[in-house]
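Here the structure is laid out as structure tokens; the discussion comes afterwards.
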Amino acid sequence: MTSGDDLIRATACDVVDKLNAGEVSPLQLLDALEVRIAAVDGAVNALPTRCFDRARRNAGALMQRPRGERGLLAGLPLPIKDLTDVEGVLSTQGSKIFKDHVPARSDLMVEHLEANGAVIYAKSNTPEFGAGANTFNELFGATRNPWDLSRSAAGSSGGAAVALATGMAWLAQGSDMGGSLRNPASFCGIVGMRPSIGRVAHSPAFKIDRTLGVVGPMARNVEDLALLLDAMSGECAADPLSLPSPRDSFRSAARSGRRPKRVAYSPDLGITPVDPEVAAITRKAALRFAEAGVAVELAHPDLREAHDCFQVLRAFDFAISKARLLRECRDQLKPEVVWNIEQGLKLTVDDLARAEAQRVAMTARTLEFFESYDLLLTPATIVAPYPIEQRYVAECAGQRFDNYVEWLAIVYAITLVCCPALSMPCGFTATGLPVGLQIVAPPRGEARLLAGAGVLEEIFGLRGATPIDPRPAPPPAA
């Protein structure tokens, strides 16, 4: 019989194979997770809400189906980010306003995952309303980076990333507006992917075409990530923007070994400062594509309007989704959220028209760029994990930022141009902290993206670096 520790360290694909072969049951996996969470979550605070009774009921019902008819995930346990409703489970959005909110129905995405064999056992921690790339809130506190407990796990899918990195999850769901799947993946040494608009159906809220934010997969390696994307994908009439599943699976793309012919690397997309060590590590990583016979060139699309465009469209999103909260619960909102809502309420139609025109122009130039390059590579974050006490990165390489999201330009620029992108581990700083490489493909190019990432993962040889046990901060240098 496979031990609990062996199961925790196995890949998601291997565990699903064991489930399908009857070598392990979903209930055994839940038992192993409970032991692991008890051992490590006290140090990192990644999964503050757990629902193991619900998980065991659902696992028992799933096991009544014949093996082979239990969906792609076959009973694999999965945590859901606390921005997303799960029926009968405390779902707070990291906010005191919703500290007692227990929804009567799950989000479409959760329903789809459960129909595909996922067993939900926990909610992963997030900053209040997902605002900011440092996972802390006044309900549950901060989530710590397991590579160095004095450091941030980034955000807003920080709890999900830490659960993966520490063996409290095989796969995890997250969401991304300004890099919230990619930033924590970079800081925690795992893989996180922002899919194309509509790739993962979810319940519309406030606006049918809210396309800045998407839902996506996180995992410890590229093939596991592709498995979860397969399980998450599919058309749903209740989400009018949702896309049908592709004919060929994303997992087959990740395993294909298909190499791009020509890729571009940019340390900064021409719009942001970058820590020199991070730039050096990611440049070295990008150049390793040459070992597979791929041409690597220094280039990027023209994204000069990204800052102005994103600030306007993000503020508008906050205004339409949270203006009522500002009116009724202002004293329960963190200052960054108040600021973002107020910025949105000041906008004019002319402001919105300009920002939408900028997005159209940048997307057109990016599509033209991908006529010459198969993939674009950049740092996934511009700094290594920073001290957890900092609410956000205020400056980098001598440049101060105007607000709490400007340091995320290297990822939110890609959000604006509608491209799928992932962060994957590509090396470590001199102090042993993970660094992520962002890989970008043209819209709806997930298969191309996963194939290229799979090739690089093999070259890097970093697969299997997680899960780890949480590590205290190293002693100061003598």
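The values are calculated or read from the model by the stated rules, or taken from the named source; none is laboratory data. Every value quoted in this text rests on a predicted model; they were computed, and no experiment measured them. Neighbour counts are summed over all protein chains in view; Cβ atoms, including those assigned to glycine, are modelled from backbone coordinates with ideal geometry. To get the accessible areas, we keep the full protein, side chains included, count just its heavy atoms, and leave off ligands, DNA and RNA. Shrake-Rupley method; radii C 1.70, N 1.55, O 1.52, S 1.80 Å.
Whether a residue is open to solvent by 70 Å² or more (accessible area, probe 1.4 Å), basic (Lys, Arg) and not in a helix (DSSP H, G or I) was assessed, and Arg354 does not pass this test. Restricting attention to segment 332-346, the residues that are part of a helix (DSSP H, G or I) and among the basic types (Lys, Arg) total 0.
Counting the residues of segment 86-108 that are of a type outside the set (Asp, Glu), under 26 Å from Gly141 (Cβ atoms) and out of contact with any Lys or Arg (no Cβ under 8 Å at 6 or more places or on another chain) gives 11.
Would you tally the residues in segment 236-278 being among the aliphatic types (A, V, I, L, M), open to solvent by 40 Å² or more (accessible area, probe 1.4 Å) and closer than 26 Å to Ala290 by Cα? Matching residues across segment 236-278 total 0.
Please go through segment 326-345 and give me each residue that is touching a residue at least 12 places away in the same chain (Cβ under 8 Å) and either buried (at least 20 other Cβ atoms within 10 Å of the Cβ) or among the charged types (D, E, K, R) (or both), ordered by number.
Leu333, Lys334, Glu336, Val337, Asn340, Ile341, Glu342, Gly344
Residues in segment 193-220 that are in a loop (DSSP other than H, G, I, E, B) and farther than 18 Å from Cys419 by Cβ: 7 in all.
Within segment 58-92, track down each residue that is of a type in the set (Gly, Ala, Ser) and modelled with pLDDT of 95 or more. Spell out the reasoning first.
Step one: filter segment 58-92 for residues of a type in the set (Gly, Ala, Ser), giving 59-61, 68, 71, 74-75, 88, 91.
Correct list: Ala59, Gly60, Ala61, Gly71, Ala74, Gly75, Gly88, Ser91.
Here segment 117-134 is the region considered, the condition is being hydrophobic (A, V, I, L, M, F, W, C) and open to solvent by less than 10 Å² (accessible area, probe 1.4 Å), and the residue that is nearest to Lys322 (Cα to Cα) is Ala131.
I need a count of the residues in segment 50-98 that are of a type in the set (Gly, Ala, Ser), assigned to a helix (DSSP H, G or I), open to solvent by less than 40 Å² (accessible area, probe 1.4 Å) and out of contact with any Phe, Trp or Tyr (no Cβ under 8 Å at 6 or more places or on another chain). Give the steps one after another, and end with the answer.
Within segment 50-98, the first condition is being of a type in the set (Gly, Ala, Ser), and the residues that meet it are 55, 59-61, 68, 71, 74-75, 88, 91, 94-95.
Filter once more, so that each one left must be assigned to a helix (DSSP H, G or I): 55, 59-61.
Next, from what is left, pick out any that are open to solvent by less than 40 Å² (accessible area, probe 1.4 Å): 55, 59-60.
Remaining after also requiring out of contact with any Phe, Trp or Tyr (no Cβ under 8 Å at 6 or more places or on another chain): 59-60.
Result for segment 50-98: 2.
Just wondering, is there one or more residues in segment 205-221 that are open to solvent by less than 10 Å² (accessible area, probe 1.4 Å), closer than 23 Å to Ile414 by Cα, touching a Phe, Trp or Tyr at 6+ places or on another chain (Cβ under 8 Å) and not aromatic (Phe, Trp, Tyr)? Within segment 205-221, one or more residues are open to solvent by less than 10 Å² (accessible area, probe 1.4 Å), closer than 23 Å to Ile414 by Cα, touching a Phe, Trp or Tyr at 6+ places or on another chain (Cβ under 8 Å) and not aromatic (Phe, Trp, Tyr).
With the condition kept exactly as written, say whether any residue in segment 151-159 is open to solvent by 10 Å² or more (accessible area, probe 1.4 Å) and either assigned to a loop (DSSP other than H, G, I, E, B) or in contact with a strand residue (DSSP E or B) (Cβ under 6 Å, 6 or more places away or on another chain) (or both). Steps first, please.
Initially, segment 151-159 is screened for residues open to solvent by 10 Å² or more (accessible area, probe 1.4 Å), giving 151.
Subset that is either assigned to a loop (DSSP other than H, G, I, E, B) or in contact with a strand residue (DSSP E or B) (Cβ under 6 Å, 6 or more places away or on another chain) (or both): none.
Checked against the condition, which is being open to solvent by 10 Å² or more (accessible area, probe 1.4 Å) and either assigned to a loop (DSSP other than H, G, I, E, B) or in contact with a strand residue (DSSP E or B) (Cβ under 6 Å, 6 or more places away or on another chain) (or both), segment 151-159 yields no hits at all.
So which pairs qualify, if the first residue must be in segment 459-478 and within 13 Å of Leu149 (Cβ to Cβ) and of a type in the set (Val, Ile, Thr), the second must be open to solvent by less than 30 Å² (accessible area, probe 1.4 Å) and at pLDDT 95 or above, the Cβ gap must be under 9 Å, and the two must be at least 6 apart or on different chains? Pairs that qualify, where the first residue is within 13 Å of Leu149 (Cβ to Cβ) and of a type in the set (Val, Ile, Thr) and the partner is open to solvent by less than 30 Å² (accessible area, probe 1.4 Å) and at pLDDT 95 or above, are Ile468/Pro146; Ile468/Trp147; Ile468/Ala165; Ile468/Thr166; Ile468/Gly167; Ile468/Gly189.
The residue pairs whose first member lies in segment 157-178 and is at pLDDT 95 or above, whose second member is surrounded by fewer than 24 Cβ atoms within 10 Å (Cβ to Cβ) and of a type in the set (S, T, N, Q), and whose beta carbons are closer than 6 Å, counting only pairs six or more residues apart or on different chains, are Ala165/Thr466.
Can you tell me which of Leu47, Leu29, Leu33 is in a loop (DSSP other than H, G, I, E, B), buried (at least 20 other Cβ atoms within 10 Å of the Cβ) and in contact (Cβ under 8 Å) with a residue 40 or more places away in the chain?
Numbers: Leu29 fails: in a loop (DSSP other than H, G, I, E, B); Leu33 fails: in a loop (DSSP other than H, G, I, E, B).
Of Leu47, Leu29, Leu33, the one residue that is in a loop (DSSP other than H, G, I, E, B), buried (at least 20 other Cβ atoms within 10 Å of the Cβ) and in contact (Cβ under 8 Å) with a residue 40 or more places away in the chain is Leu47.
Taken together, the residues in segment 135-146 that are surrounded by 24 or more Cβ atoms within 10 Å (Cβ to Cβ) and either of a type in the set (Ser, Thr, Tyr) or not in a strand (DSSP E or B) (or both) amount to 4. Screening Glu223 with (1) out of contact with any strand residue (DSSP E or B) (no Cβ under 9 Å at 6 or more places or on another chain); (2) assigned to a loop (DSSP other than H, G, I, E, B) gives one miss only, at (2).
Matching residues to (1) modelled with pLDDT under 95; (2) open to solvent by less than 30 Å² (accessible area, probe 1.4 Å); (3) under 16 Å from the mean Cα position of the chain (by Cα):
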{"residue": "Val435", "(1), (2), (3)": "no, yes, yes"}
{"residue": "Glu446", "(1), (2), (3)": "no, yes, yes"}
{"residue": "Leu449", "(1), (2), (3)": "no, yes, yes"}
{"residue": "Gly452", "(1), (2), (3)": "no, yes, no"}
{"residue": "Val455", "(1), (2), (3)": "no, yes, no"}
{"residue": "Ile459", "(1), (2), (3)": "no, no, no"}
{"residue": "Ala465", "(1), (2), (3)": "no, no, no"}
{"residue": "Pro474", "(1), (2), (3)": "yes, no, no"}
{"residue": "Ala478", "(1), (2), (3)": "yes, no, no"}
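Part of a strand (DSSP E or B) and either open to solvent by less than 20 Å² (accessible area, probe 1.4 Å) or not hydrophobic (A, V, I, L, M, F, W, C) (or both): is that true of Ser423 in this structure? In short, yes.
Mind counting the residues in segment 357-381 that are open to solvent by less than 10 Å² (accessible area, probe 1.4 Å), in a loop (DSSP other than H, G, I, E, B) and out of contact with any Cys (no Cβ under 9 Å at 6 or more places or on another chain)?
We begin by selecting, within segment 357-381, every residue open to solvent by less than 10 Å² (accessible area, probe 1.4 Å); these are 362, 366, 375-381.
Still in the list and also in a loop (DSSP other than H, G, I, E, B): 380-381.
Going one step further and asking which of them are out of contact with any Cys (no Cβ under 9 Å at 6 or more places or on another chain), we end up with 381.
Selection size over segment 357-381: 1.
Scanning segment 1-17 for residues that are within 18 Å of Ala219 (Cα to Cα) and open to solvent by less than 50 Å² (accessible area, probe 1.4 Å) yields a count of 8. Out of curiosity, is Ala169 part of a loop (DSSP other than H, G, I, E, B) and of a type outside the set (Lys, Arg)? Spelling it out, Ala169 is indeed part of a loop (DSSP other than H, G, I, E, B) and of a type outside the set (Lys, Arg).
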